[in-house]
């Protein structure tokens, strides 16, 4: 499939063209060129998906296809690093998601970023990110994925810190880069362990089942080495997908331009960890099913934590950021509960389906937020209110996205989230109840956001709000359309854990209970926030310390600062620095001082005077003669 190769190559060419030649282009030329390039890439992605799925199954199974292969580094006869393009159901699905959302962001940015300094640089960075993310999802082996994984991190750093003159943006970009680097260290160690004991990096060979049998005897601290490797690999995925306690970088990453938040921190980059677990899912099932239970627990706790924090935030982008963390937790739970209980197909399909639907409506939410910020000039909900009269398109599309993420039928989020809840109940009633409660919290905080922005009392403003330009509203309408109808896609026909067709069946009891709970939550938000009311203040007072803790993210960031500054920097690092300065440097300085003083004392031996050399030679000769005669 030549189109798959072009999908991979064109974004890199666009990055080089805009990065090198962008300074010679006008803003309009750079924006249109970047958008045109992404349009071609998106068309090619859809063509690739059509050809792949149109070819049909082989023996009732979707078979992976390697459409490009190149050996890069060879270590042993069996162990080498290759570069290639692997097409299978989840990678093809991700091609569609990444290119679709990226194209909408490119179009949207033509209006949102108009007149910004560094406009050409912005589009160059978007192309670099798209190239990196596409390279990640089509990688044929785990080391190639790691290479593009790090490129995604670099792209994120550049885009978050786009406003490099703002201290907050600089701090946010560094925070994201450093936190994910710690997680990626675990990923790298896991890759090295896995490849050492299996003697391969290749995904196809890793999924075959033979490699685990050959490494089954190796253990460490009571667990198999393969399980340890997969656990470390998940650490990398947890960092990229902002799972607790590595979530702290994502809310601050909102300092980047809002379209960047839609592209990287809502729809594509943050699902890389989910994609990683899904890519290695057969290996997890075979070698470490108990580890999937741990992944489900981490996902559930993260989802609950983020949902509670989102209920009290006042910055609209941070509400959406914590919402993203919570929804990624749902996807992790879906994959995690698939490890045991004989219903692996349901959880896997539900998690991937929610990845697909969430990408569309969460990108829509962020782009709507960008349109609001663009006209209001503030991220705070207190500066909004009553905007439905001034921004009808943004209002309707935002409402569609809120209904979708709340799990209200017939919007797409209902179908994918309902399947996750069903899988959770099959795994454990407690897990099902917990995730249903979190789904209710999701409906509450999203409609709290909706009513505070579009209803309620209008804030005092210096100018009358207005609808965003067509370049910004057109992507909103497209994403809203997809959000309305994506739930009816027979997703299990295309993506499943084993490549076999999986038919999704709604569980009536779960669906009714989840929709009922969502409606109750929406009703509470309606009562509290549709009009100016004292109820929110009373509730904040009633919850007291818990409310303040949630407002400050339960002081997790403060804990990190305490550990790094007070313990590591002030305690451990200062002692190491003292030892380095006084012992290591002192020893080197003492050696240099002694050498200098000795050299100063004996410098007369190299005076350059022939008479002195002759005299010393004579004395030495006489001493030798005396020693030989008398001794």
- [ ] Provide a single number: the residues in segment 544-556 that are surrounded by 14 or more Cβ atoms within 10 Å (Cβ to Cβ) and without any contact (Cβ under 8 Å) to a residue 60 or more places away in the chain.
- [x] 1
Open item on the list: Just the residues that are under 22 Å from residue 325 (Cβ atoms) and surrounded by fewer than 24 Cβ atoms within 10 Å (Cβ to Cβ), please, taken from segment 422-437.
Closed with: 430, 431, 432, 433, 434, 436, 437
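Residue-wise test of (1) under 24 Å from the mean Cα position of the chain (by Cα); (2) outside any helix (DSSP H, G or I).
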residue	(1), (2)
43	no, no
67	no, yes
73	no, yes
78	no, yes
86	yes, yes
90	yes, no
97	yes, no
103	yes, no
108	yes, no
TODO: Identify, by number, the condition in (1) under 19 Å from residue 253 (Cβ atoms); (2) in a helix (DSSP H, G or I) that residue 357 doesn't meet.
DONE: (1)
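Table: residues versus (1) touching a helix residue (DSSP H, G or I) at 6+ places or on another chain (Cβ under 9 Å); (2) in a helix (DSSP H, G or I); (3) not assigned by TED's automatic domain parsing to the domain that holds residue 546.
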position	(1), (2), (3)
246	yes, no, yes
270	yes, yes, yes
302	yes, yes, no
323	yes, yes, no
345	yes, yes, no
Task: Subset of segment 154-170 that is under 12 Å from the mean Cα position of the chain (by Cα) and in contact (Cβ under 8 Å) with a residue 40 or more places away in the chain - its residue that is farthest from residue 238 (Cα to Cα) - done: 155
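The values are calculated or read from the model by the stated rules, or taken from the named source; none is laboratory data. Computed from a predicted structure; not experimentally measured. As a convention, Cβ positions derive from the backbone with ideal geometry for all residues, glycine included, and neighbour counts pool all protein chains shown.
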